[in-house]
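In what follows, a structure is listed as C-alpha coordinates, so that the remarks can point back to it.
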Amino acid sequence: MELFLAIYLVPLAFVIFHLYKLLLRWGDHHCYMIGYECYKATDDRRLDTESCAKVVLRNKNLGLDEYRFLLKTMVSSGIGEETYGPRNIVLGKEECPSLADALSEMHEIFNDTLDELFAKSGVSPLEIDILVVNVSLLSSMPSLTARIVNRYKMKSDIKVFNLSGMGCSASLVAIDLVKHLFKTYKNALAVVVSSESVGPNWYCGKDRSMMLSNCLFRSGGCSMLLTNNRALKHRAIMKLKCLVRTHIGSVDDAYTSCIQMEDDLGYRGFRLTKNLTKAAAQALTMNLRVLVPKVLPLWELVRYISMTYQMRKVKMATMEGIGARLNFKAGVEHFCIHPGGKAVIDEVGKGLHLSEYDLEPARMALHRFGNTSAGGLWYVLGYMEAKRRLKKGDRIFMISLGAGFKCNNCVWEVMKDLEDGNVWKDCIDSYPSKSLVNPFMEKYGWINDESLSFIGLN
(Lines give C-alpha, C1' and ligand atoms only; values in the text may rest on other atoms or scores of the structure.)
Protein backbone atom coordinates (compact mmCIF):
# COMPACT_ATOMS: atom_id res chain seq x y z
CA MET A 1 0.00 0.00 0.00
CA GLU A 2 2.82 2.40 0.90
CA LEU A 3 4.63 1.54 -2.31
CA PHE A 4 1.41 2.14 -4.24
CA LEU A 5 0.99 5.55 -2.63
CA ALA A 6 4.61 6.43 -3.31
CA ILE A 7 4.28 5.53 -6.97
CA TYR A 8 1.30 7.86 -7.41
CA LEU A 9 2.01 10.61 -4.89
CA VAL A 10 5.56 11.37 -6.00
CA PRO A 11 4.59 12.13 -9.62
CA LEU A 12 1.53 14.01 -8.37
CA ALA A 13 3.69 16.14 -6.08
CA PHE A 14 6.08 16.74 -8.98
CA VAL A 15 3.23 17.93 -11.22
CA ILE A 16 1.80 20.17 -8.47
CA PHE A 17 5.22 21.68 -7.84
CA HIS A 18 5.74 22.54 -11.49
CA LEU A 19 2.21 23.92 -11.81
CA TYR A 20 2.97 26.12 -8.82
CA LYS A 21 6.18 27.33 -10.50
CA LEU A 22 4.26 28.07 -13.69
CA LEU A 23 1.69 30.00 -11.69
CA LEU A 24 4.42 32.06 -10.04
CA ARG A 25 6.06 32.68 -13.40
CA TRP A 26 2.73 33.78 -14.86
CA GLY A 27 2.31 36.17 -11.96
CA ASP A 28 5.72 37.68 -12.68
CA HIS A 29 4.57 38.45 -16.24
CA HIS A 30 2.30 41.20 -14.96
CA CYS A 31 3.39 44.72 -15.77
CA TYR A 32 2.33 47.33 -13.22
CA MET A 33 2.85 51.07 -13.52
CA ILE A 34 3.89 52.67 -10.24
CA GLY A 35 3.89 56.22 -11.58
CA TYR A 36 4.68 58.60 -14.44
CA GLU A 37 5.88 62.19 -14.69
CA CYS A 38 5.43 64.48 -17.69
CA TYR A 39 7.74 67.38 -18.48
CA LYS A 40 6.65 71.00 -18.36
CA ALA A 41 9.16 73.56 -19.63
CA THR A 42 9.73 77.00 -18.15
CA ASP A 43 7.72 79.99 -19.37
CA ASP A 44 10.69 81.52 -21.19
CA ARG A 45 10.37 78.70 -23.75
CA ARG A 46 6.70 79.31 -24.50
CA LEU A 47 5.78 79.58 -28.19
CA ASP A 48 2.77 81.86 -28.47
CA THR A 49 1.45 83.49 -31.64
CA GLU A 50 4.01 86.30 -31.58
CA SER A 51 6.94 83.93 -31.02
CA CYS A 52 5.83 81.59 -33.82
CA ALA A 53 5.50 84.51 -36.21
CA LYS A 54 9.06 85.63 -35.41
CA VAL A 55 10.42 82.14 -36.05
CA VAL A 56 8.62 81.96 -39.38
CA LEU A 57 9.78 85.42 -40.48
CA ARG A 58 13.40 84.52 -39.67
CA ASN A 59 13.33 81.90 -42.42
CA LYS A 60 14.64 83.83 -45.44
CA ASN A 61 13.82 80.94 -47.77
CA LEU A 62 10.08 81.58 -47.49
CA GLY A 63 8.00 83.56 -49.94
CA LEU A 64 4.49 84.88 -49.48
CA ASP A 65 2.90 81.62 -50.70
CA GLU A 66 4.86 79.57 -48.16
CA TYR A 67 3.95 82.02 -45.43
CA ARG A 68 0.26 81.73 -46.32
CA PHE A 69 0.55 77.96 -46.21
CA LEU A 70 2.12 78.09 -42.74
CA LEU A 71 -0.58 80.49 -41.55
CA LYS A 72 -3.39 78.17 -42.64
CA THR A 73 -1.60 75.18 -41.10
CA MET A 74 -1.12 76.96 -37.77
CA VAL A 75 -4.74 78.05 -37.65
CA SER A 76 -6.04 74.52 -38.30
CA SER A 77 -3.44 72.65 -36.23
CA GLY A 78 -5.37 72.66 -32.95
CA ILE A 79 -2.31 73.99 -31.09
CA GLY A 80 -2.78 76.80 -28.58
CA GLU A 81 -0.77 79.68 -27.16
CA GLU A 82 1.07 77.90 -24.35
CA THR A 83 3.14 75.15 -25.96
CA TYR A 84 6.91 75.00 -25.42
CA GLY A 85 9.72 75.03 -27.93
CA PRO A 86 13.40 74.06 -27.71
CA ARG A 87 15.64 76.73 -26.23
CA ASN A 88 17.77 77.07 -29.37
CA ILE A 89 14.65 77.83 -31.44
CA VAL A 90 13.44 80.45 -28.97
CA LEU A 91 16.91 82.06 -29.09
CA GLY A 92 16.98 82.10 -32.89
CA LYS A 93 19.63 79.39 -33.39
CA GLU A 94 17.54 77.00 -35.49
CA GLU A 95 19.87 77.15 -38.52
CA CYS A 96 22.99 76.22 -36.55
CA PRO A 97 22.04 73.90 -33.68
CA SER A 98 24.94 72.43 -31.72
CA LEU A 99 25.35 69.07 -30.00
CA ALA A 100 25.36 70.96 -26.73
CA ASP A 101 21.91 72.38 -27.58
CA ALA A 102 20.57 68.91 -28.35
CA LEU A 103 21.95 67.35 -25.17
CA SER A 104 20.82 70.27 -23.03
CA GLU A 105 17.24 69.82 -24.30
CA MET A 106 17.34 66.12 -23.35
CA HIS A 107 19.01 66.68 -19.97
CA GLU A 108 16.33 69.16 -18.91
CA ILE A 109 13.55 66.69 -19.74
CA PHE A 110 15.31 63.64 -18.28
CA ASN A 111 16.45 65.31 -15.05
CA ASP A 112 13.18 67.07 -14.32
CA THR A 113 10.91 64.05 -14.87
CA LEU A 114 13.21 61.48 -13.23
CA ASP A 115 13.82 63.65 -10.15
CA GLU A 116 10.05 63.96 -9.68
CA LEU A 117 9.46 60.26 -10.39
CA PHE A 118 11.99 59.05 -7.82
CA ALA A 119 10.87 61.61 -5.23
CA LYS A 120 7.16 60.77 -5.50
CA SER A 121 7.59 56.99 -5.70
CA GLY A 122 10.18 56.75 -2.94
CA VAL A 123 12.20 54.41 -5.16
CA SER A 124 15.95 54.96 -5.24
CA PRO A 125 17.77 55.08 -8.62
CA LEU A 126 19.99 52.31 -7.20
CA GLU A 127 16.97 49.98 -7.15
CA ILE A 128 16.30 50.24 -10.90
CA ASP A 129 17.01 46.99 -12.78
CA ILE A 130 16.02 48.03 -16.32
CA LEU A 131 16.32 51.40 -18.09
CA VAL A 132 14.86 52.08 -21.55
CA VAL A 133 15.18 55.47 -23.27
CA ASN A 134 13.49 56.27 -26.57
CA VAL A 135 14.46 59.43 -28.47
CA SER A 136 14.04 58.98 -32.20
CA LEU A 137 16.14 61.81 -33.65
CA LEU A 138 19.20 61.87 -31.39
CA SER A 139 21.80 59.17 -30.88
CA SER A 140 24.85 60.27 -28.89
CA MET A 141 27.98 58.66 -27.49
CA PRO A 142 27.95 57.85 -24.63
CA SER A 143 24.31 56.89 -25.10
CA LEU A 144 21.42 58.77 -23.52
CA THR A 145 20.89 55.82 -21.17
CA ALA A 146 24.55 56.04 -20.09
CA ARG A 147 24.10 59.71 -19.27
CA ILE A 148 21.18 58.86 -16.99
CA VAL A 149 23.10 56.01 -15.35
CA ASN A 150 25.99 58.39 -14.68
CA ARG A 151 23.86 61.19 -13.25
CA TYR A 152 21.94 58.93 -10.86
CA LYS A 153 24.87 56.58 -10.14
CA MET A 154 22.80 53.51 -10.94
CA LYS A 155 24.08 50.01 -10.22
CA SER A 156 26.55 48.28 -12.51
CA ASP A 157 24.32 45.33 -13.48
CA ILE A 158 21.43 47.50 -14.71
CA LYS A 159 20.13 46.46 -18.13
CA VAL A 160 19.97 49.49 -20.45
CA PHE A 161 18.39 49.91 -23.89
CA ASN A 162 18.59 52.99 -26.12
CA LEU A 163 15.89 53.12 -28.82
CA SER A 164 16.07 55.54 -31.76
CA GLY A 165 14.12 56.08 -34.99
CA MET A 166 10.88 54.65 -33.56
CA GLY A 167 8.81 57.81 -34.00
CA CYS A 168 5.70 58.92 -32.13
CA SER A 169 4.70 55.39 -31.14
CA ALA A 170 8.05 54.65 -29.47
CA SER A 171 6.73 54.88 -25.93
CA LEU A 172 4.66 51.71 -26.29
CA VAL A 173 7.56 49.99 -28.07
CA ALA A 174 9.65 50.66 -24.94
CA ILE A 175 6.91 49.38 -22.62
CA ASP A 176 6.54 46.25 -24.75
CA LEU A 177 10.29 45.66 -24.42
CA VAL A 178 10.02 45.99 -20.63
CA LYS A 179 7.05 43.62 -20.58
CA HIS A 180 9.10 40.94 -22.34
CA LEU A 181 12.13 41.54 -20.11
CA PHE A 182 9.90 41.00 -17.08
CA LYS A 183 9.52 37.39 -18.25
CA THR A 184 13.22 36.90 -17.51
CA TYR A 185 13.85 39.22 -14.58
CA LYS A 186 11.72 38.60 -11.49
CA ASN A 187 10.63 41.29 -9.04
CA ALA A 188 12.26 43.93 -11.22
CA LEU A 189 11.88 47.69 -11.39
CA ALA A 190 12.07 49.38 -14.78
CA VAL A 191 12.20 53.01 -15.90
CA VAL A 192 11.08 54.11 -19.36
CA VAL A 193 11.95 57.62 -20.58
CA SER A 194 10.16 58.87 -23.71
CA SER A 195 10.96 62.13 -25.46
CA GLU A 196 12.06 63.68 -28.74
CA SER A 197 14.96 65.86 -29.86
CA VAL A 198 13.14 68.75 -31.55
CA GLY A 199 15.79 71.50 -31.47
CA PRO A 200 18.41 70.08 -33.86
CA ASN A 201 15.72 68.89 -36.29
CA TRP A 202 13.89 72.15 -36.92
CA TYR A 203 13.31 72.51 -40.66
CA CYS A 204 14.65 75.72 -42.23
CA GLY A 205 13.74 75.09 -45.87
CA LYS A 206 10.59 75.76 -47.90
CA ASP A 207 9.25 72.31 -48.83
CA ARG A 208 5.63 72.38 -47.68
CA SER A 209 5.46 68.70 -46.77
CA MET A 210 8.44 69.26 -44.46
CA MET A 211 7.25 72.56 -43.00
CA LEU A 212 4.30 70.81 -41.34
CA SER A 213 6.45 69.32 -38.58
CA ASN A 214 7.49 72.79 -37.38
CA CYS A 215 3.82 73.65 -36.84
CA LEU A 216 3.07 70.51 -34.84
CA PHE A 217 6.07 69.32 -32.83
CA ARG A 218 6.90 70.81 -29.44
CA SER A 219 9.18 70.02 -26.50
CA GLY A 220 8.01 67.45 -23.98
CA GLY A 221 8.56 64.00 -22.58
CA CYS A 222 7.67 61.57 -19.83
CA SER A 223 9.36 59.14 -17.43
CA MET A 224 7.56 56.03 -16.16
CA LEU A 225 8.23 53.53 -13.38
CA LEU A 226 7.13 49.92 -14.01
CA THR A 227 7.41 46.66 -12.07
CA ASN A 228 6.40 43.01 -12.14
CA ASN A 229 6.80 42.65 -8.37
CA ARG A 230 3.45 41.52 -6.95
CA ALA A 231 4.49 42.83 -3.54
CA LEU A 232 4.25 46.35 -5.03
CA LYS A 233 0.84 45.76 -6.59
CA HIS A 234 -0.86 47.87 -3.92
CA ARG A 235 1.22 50.88 -5.01
CA ALA A 236 0.45 50.51 -8.71
CA ILE A 237 -1.79 53.01 -10.48
CA MET A 238 -2.34 50.84 -13.59
CA LYS A 239 -1.81 47.31 -14.85
CA LEU A 240 -1.05 46.47 -18.48
CA LYS A 241 -3.76 44.15 -19.83
CA CYS A 242 -2.54 43.68 -23.40
CA LEU A 243 -0.31 45.35 -26.00
CA VAL A 244 -0.27 44.80 -29.75
CA ARG A 245 2.32 46.15 -32.19
CA THR A 246 1.80 46.42 -35.97
CA HIS A 247 4.47 47.38 -38.51
CA ILE A 248 3.63 47.93 -42.21
CA GLY A 249 7.05 49.19 -43.32
CA SER A 250 6.96 46.69 -46.19
CA VAL A 251 4.37 48.90 -47.89
CA ASP A 252 6.29 51.61 -49.76
CA ASP A 253 3.63 54.34 -49.50
CA ALA A 254 3.33 53.75 -45.76
CA TYR A 255 7.09 53.62 -45.26
CA THR A 256 7.64 56.98 -46.99
CA SER A 257 4.55 58.73 -45.53
CA CYS A 258 6.49 59.92 -42.49
CA ILE A 259 10.24 60.10 -43.06
CA GLN A 260 13.35 62.12 -42.15
CA MET A 261 15.27 63.43 -45.17
CA GLU A 262 16.98 66.40 -46.83
CA ASP A 263 15.22 68.65 -49.31
CA ASP A 264 16.64 69.81 -52.66
CA LEU A 265 18.52 72.64 -50.92
CA GLY A 266 20.13 70.33 -48.39
CA TYR A 267 17.93 71.29 -45.43
CA ARG A 268 17.20 68.34 -43.18
CA GLY A 269 13.69 67.82 -41.88
CA PHE A 270 10.75 65.50 -41.45
CA ARG A 271 8.46 64.90 -44.43
CA LEU A 272 4.76 64.16 -43.93
CA THR A 273 3.01 63.04 -47.15
CA LYS A 274 -0.63 62.76 -48.22
CA ASN A 275 -0.39 58.98 -47.76
CA LEU A 276 -0.09 59.40 -43.99
CA THR A 277 -3.82 59.09 -43.29
CA LYS A 278 -4.14 56.01 -45.49
CA ALA A 279 -1.13 54.40 -43.81
CA ALA A 280 -2.58 55.16 -40.37
CA ALA A 281 -5.93 53.61 -41.32
CA GLN A 282 -4.26 50.49 -42.70
CA ALA A 283 -2.00 50.01 -39.69
CA LEU A 284 -4.79 50.68 -37.19
CA THR A 285 -7.13 48.25 -38.96
CA MET A 286 -4.54 45.46 -38.87
CA ASN A 287 -3.74 46.19 -35.24
CA LEU A 288 -7.39 46.09 -34.17
CA ARG A 289 -7.91 42.70 -35.78
CA VAL A 290 -5.50 41.32 -33.18
CA LEU A 291 -6.36 43.62 -30.27
CA VAL A 292 -10.17 43.60 -30.40
CA PRO A 293 -10.61 39.90 -29.48
CA LYS A 294 -8.48 40.55 -26.39
CA VAL A 295 -10.66 43.45 -25.27
CA LEU A 296 -14.30 43.09 -26.26
CA PRO A 297 -16.85 40.72 -24.66
CA LEU A 298 -18.24 37.72 -26.54
CA TRP A 299 -21.37 39.40 -27.93
CA GLU A 300 -19.27 42.17 -29.43
CA LEU A 301 -16.80 39.66 -30.87
CA VAL A 302 -19.57 38.08 -32.93
CA ARG A 303 -20.25 41.49 -34.43
CA TYR A 304 -16.51 42.01 -34.89
CA ILE A 305 -16.10 38.75 -36.84
CA SER A 306 -18.98 39.67 -39.09
CA MET A 307 -17.62 43.16 -39.69
CA THR A 308 -14.06 41.92 -40.29
CA TYR A 309 -15.37 39.67 -43.06
CA GLN A 310 -17.16 42.60 -44.67
CA MET A 311 -14.07 44.81 -44.40
CA ARG A 312 -11.90 42.20 -46.10
CA LYS A 313 -14.52 41.63 -48.75
CA VAL A 314 -14.67 45.28 -49.79
CA LYS A 315 -11.06 46.03 -48.82
CA MET A 316 -12.00 48.96 -46.62
CA ALA A 317 -8.90 50.94 -45.68
CA THR A 318 -10.38 54.22 -44.53
CA MET A 319 -10.53 55.45 -40.97
CA GLU A 320 -14.32 55.58 -41.07
CA GLY A 321 -14.51 51.87 -41.87
CA ILE A 322 -12.34 50.71 -38.99
CA GLY A 323 -14.82 50.72 -36.14
CA ALA A 324 -18.09 50.49 -38.05
CA ARG A 325 -20.77 48.76 -35.94
CA LEU A 326 -18.26 47.99 -33.20
CA ASN A 327 -19.01 49.20 -29.70
CA PHE A 328 -15.55 49.69 -28.21
CA LYS A 329 -17.08 51.04 -25.03
CA ALA A 330 -18.23 47.53 -24.21
CA GLY A 331 -14.59 46.72 -23.50
CA VAL A 332 -12.96 50.03 -22.50
CA GLU A 333 -14.08 53.21 -20.73
CA HIS A 334 -11.43 55.72 -21.87
CA PHE A 335 -9.59 56.46 -25.11
CA CYS A 336 -6.05 57.83 -24.92
CA ILE A 337 -5.25 58.90 -28.49
CA HIS A 338 -1.84 60.17 -29.56
CA PRO A 339 -2.19 63.97 -30.00
CA GLY A 340 -0.38 63.97 -33.33
CA GLY A 341 -2.54 66.69 -34.83
CA LYS A 342 -6.14 67.78 -35.22
CA ALA A 343 -6.58 65.70 -38.38
CA VAL A 344 -5.25 62.55 -36.69
CA ILE A 345 -7.58 62.95 -33.70
CA ASP A 346 -10.56 63.70 -35.96
CA GLU A 347 -9.95 60.67 -38.18
CA VAL A 348 -9.42 58.23 -35.31
CA GLY A 349 -12.57 59.59 -33.69
CA LYS A 350 -14.57 58.99 -36.87
CA GLY A 351 -13.09 55.56 -37.37
CA LEU A 352 -13.90 54.35 -33.87
CA HIS A 353 -17.17 56.32 -33.65
CA LEU A 354 -16.09 58.20 -30.54
CA SER A 355 -17.86 61.11 -28.89
CA GLU A 356 -16.40 64.55 -28.24
CA TYR A 357 -16.10 63.56 -24.58
CA ASP A 358 -13.82 60.68 -25.64
CA LEU A 359 -11.71 62.94 -27.86
CA GLU A 360 -11.50 65.82 -25.40
CA PRO A 361 -8.31 64.65 -23.59
CA ALA A 362 -6.37 64.31 -26.86
CA ARG A 363 -7.63 67.65 -28.20
CA MET A 364 -6.76 69.47 -24.99
CA ALA A 365 -3.30 67.87 -24.76
CA LEU A 366 -2.59 68.98 -28.33
CA HIS A 367 -3.87 72.47 -27.57
CA ARG A 368 -1.87 72.90 -24.35
CA PHE A 369 1.39 71.02 -25.11
CA GLY A 370 1.39 70.35 -28.87
CA ASN A 371 2.62 67.14 -30.46
CA THR A 372 5.38 66.00 -28.10
CA SER A 373 5.99 62.84 -30.16
CA ALA A 374 6.50 59.70 -28.03
CA GLY A 375 5.65 61.57 -24.84
CA GLY A 376 2.26 62.73 -26.14
CA LEU A 377 0.15 59.85 -24.83
CA TRP A 378 1.08 60.61 -21.23
CA TYR A 379 -0.09 64.23 -21.42
CA VAL A 380 -3.45 62.86 -22.59
CA LEU A 381 -3.48 60.40 -19.70
CA GLY A 382 -2.50 63.22 -17.34
CA TYR A 383 -5.51 65.24 -18.50
CA MET A 384 -7.85 62.33 -17.71
CA GLU A 385 -6.32 61.97 -14.26
CA ALA A 386 -6.40 65.70 -13.51
CA LYS A 387 -10.09 65.72 -14.49
CA ARG A 388 -10.62 62.77 -12.10
CA ARG A 389 -12.09 60.61 -14.83
CA LEU A 390 -10.04 57.51 -13.96
CA LYS A 391 -11.66 55.21 -11.40
CA LYS A 392 -10.58 51.82 -10.08
CA GLY A 393 -11.39 49.08 -12.56
CA ASP A 394 -11.64 51.40 -15.58
CA ARG A 395 -9.86 50.35 -18.76
CA ILE A 396 -7.87 52.77 -20.91
CA PHE A 397 -7.32 52.16 -24.63
CA MET A 398 -4.04 53.79 -25.76
CA ILE A 399 -3.66 54.40 -29.49
CA SER A 400 -0.31 55.44 -30.97
CA LEU A 401 0.81 55.90 -34.57
CA GLY A 402 4.33 56.56 -35.76
CA ALA A 403 6.94 56.48 -38.51
CA GLY A 404 7.83 53.15 -39.99
CA PHE A 405 4.86 52.93 -40.41
CA LYS A 406 3.73 51.61 -37.03
CA CYS A 407 0.58 51.35 -34.96
CA ASN A 408 1.14 50.32 -31.34
CA ASN A 409 -1.90 50.06 -29.08
CA CYS A 410 -2.51 48.78 -25.57
CA VAL A 411 -5.10 48.55 -22.81
CA TRP A 412 -4.45 49.45 -19.16
CA GLU A 413 -6.59 48.68 -16.13
CA VAL A 414 -6.78 51.40 -13.48
CA MET A 415 -5.81 49.98 -10.09
CA LYS A 416 -7.10 52.85 -7.91
CA ASP A 417 -8.97 56.13 -8.25
CA LEU A 418 -6.54 58.63 -9.79
CA GLU A 419 -6.68 62.35 -9.13
CA ASP A 420 -3.15 63.80 -9.30
CA GLY A 421 -3.11 67.19 -11.00
CA ASN A 422 0.37 66.46 -12.51
CA VAL A 423 1.50 68.92 -15.22
CA TRP A 424 -2.10 70.06 -15.65
CA LYS A 425 -2.60 71.27 -12.07
CA ASP A 426 -2.03 74.97 -12.86
CA CYS A 427 -4.47 75.13 -15.77
CA ILE A 428 -6.88 72.18 -15.59
CA ASP A 429 -9.75 74.37 -14.37
CA SER A 430 -9.62 76.37 -17.62
CA TYR A 431 -10.09 73.21 -19.71
CA PRO A 432 -11.79 72.14 -21.84
CA SER A 433 -11.11 75.41 -23.62
CA LYS A 434 -14.25 77.11 -24.92
CA SER A 435 -12.47 77.99 -28.15
CA LEU A 436 -9.62 76.21 -29.92
CA VAL A 437 -9.34 78.89 -32.61
CA ASN A 438 -5.76 80.04 -33.03
CA PRO A 439 -5.44 83.85 -32.72
CA PHE A 440 -2.76 83.80 -35.43
CA MET A 441 -5.41 84.44 -38.10
CA GLU A 442 -6.84 87.45 -36.29
CA LYS A 443 -3.45 89.13 -36.02
CA TYR A 444 -1.90 88.09 -39.32
CA GLY A 445 -4.97 87.56 -41.50
CA TRP A 446 -3.72 90.23 -43.90
CA ILE A 447 -1.42 87.60 -45.41
CA ASN A 448 -4.43 86.13 -47.26
CA ASP A 449 -5.01 89.38 -49.14
CA GLU A 450 -4.38 88.45 -52.79
CA SER A 451 -3.60 92.08 -53.63
CA LEU A 452 -0.38 91.72 -51.64
CA SER A 453 0.98 88.87 -53.76
CA PHE A 454 3.67 91.10 -55.27
CA ILE A 455 5.20 91.74 -51.83
CA GLY A 456 8.11 89.56 -50.73
CA LEU A 457 8.95 88.62 -47.18
CA ASN A 458 12.71 88.50 -47.63
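Some points to look at:
- Carbon/sulfur fraction of accessible area - the stretch 337-427, other protein chains in place, 1.4 Å, %: 47
- Per DSSP, loop chymotrypsin sites (Phe, Trp or Tyr not before Pro) in the stretch 42-122 with at most 13 further Cβ within 10 Å: none
- Here the gap between S104 and E262, fully extended at 0.36 nm per residue and compared with their Cα-Cα distance, gives a gain of 54.4 nm.
- Taken one residue at a time, the phi angles of the stretch 399-405 give Karplus couplings (6.51, -1.76, 1.60, θ = phi - 60°) of 10, 10, 10, x, 4, x, 9 Hz. Gly and Pro are set to x.
- For the stretch 56-167, the ratio of Cα radius of gyration to the globular rule of thumb 2.2 N^0.38 Å stands at 1.41.
- Distant-in-sequence amide contacts of L138, defined by a placed amide H-H separation under 5 Å and a gap of 5 or more residues or a different chain, comprise G165, S197.
- Share of Cα-Cα pairs in the stretch 356-428 lying beyond 21 Å, as whole percent: 25
- Order by protection proxy (mean Cβ within 10 Å, highest first), peptides 271-283, 126-138: 126-138, 271-283
- Whole-Hz Karplus values for the stretch 54-67 come out as 5, 5, 5, 5, 6, 7, 6, 7, 8, x, 5, 5, 5, 5 Hz, taken residue by residue from phi with 6.51 cos²θ - 1.76 cosθ + 1.60 and θ = phi - 60°; glycine and proline positions read x.
- Within the shell of other residues whose beta carbon sits under 11 angstrom from the beta carbon of G421, the net charge comes to -2, with Lys and Arg scored +1 and Asp and Glu -1.
- Counting only protein heavy atoms and a probe of 1.4 Å, the accessible surface of the stretch 253-310 is 58% carbon and sulfur.
- Integer Hz, Karplus 6.51/-1.76/1.60 couplings in order for the stretch 188-200, x for Gly and Pro: 9, 10, 10, 10, 10, 10, 10, 7, 8, 8, 8, x, x
- Charge tally for R389 (other residues, Cβ to Cβ under 13 Å; Lys, Arg +1; Asp, Glu -1): -3.
- Amide H contacts under 5 Å for C31: L240, restricted to partners 5 or more places along the chain or on a different chain, H placed in the peptide plane at 1.01 Å from N.
- Convex hull volume per residue for the stretch 78-137, taking Cα atoms only, in Å³: 154
- Cβ-defined net charge surrounding I89, 11 Å radius [Lys, Arg +1; Asp, Glu -1]: +2
- Percent carbon-and-sulfur accessible area, the stretch 63-182, ignoring ligands, DNA and RNA, probe 1.4 Å: 56
- Mean Cβ count within 10 Å, highest first, over the residues of peptides 350-360, 374-384: 374-384, 350-360
- When you filter the chymotrypsin sites (Phe, Trp or Tyr not before Pro) in the stretch 171-232 for DSSP loop state and at most 15 other Cβ atoms inside 10 Å of their Cβ, you are left with Y185.
- Rounded accessible area per residue of the stretch 210-282, 1.4 Å, Å²: 46
The values are calculated or read from the model by the stated rules, or taken from the named source; none is laboratory data. Nothing here was measured: the structure is a model prediction, and the numbers come from that model. When we count neighbours, we look across all protein chains shown, and the Cβ atoms used for this are built from the backbone with ideal geometry, even at glycine. For accessibility, only protein heavy atoms count, side chains too; no ligands or nucleic acids. Shrake-Rupley method; radii C 1.70, N 1.55, O 1.52, S 1.80 Å.
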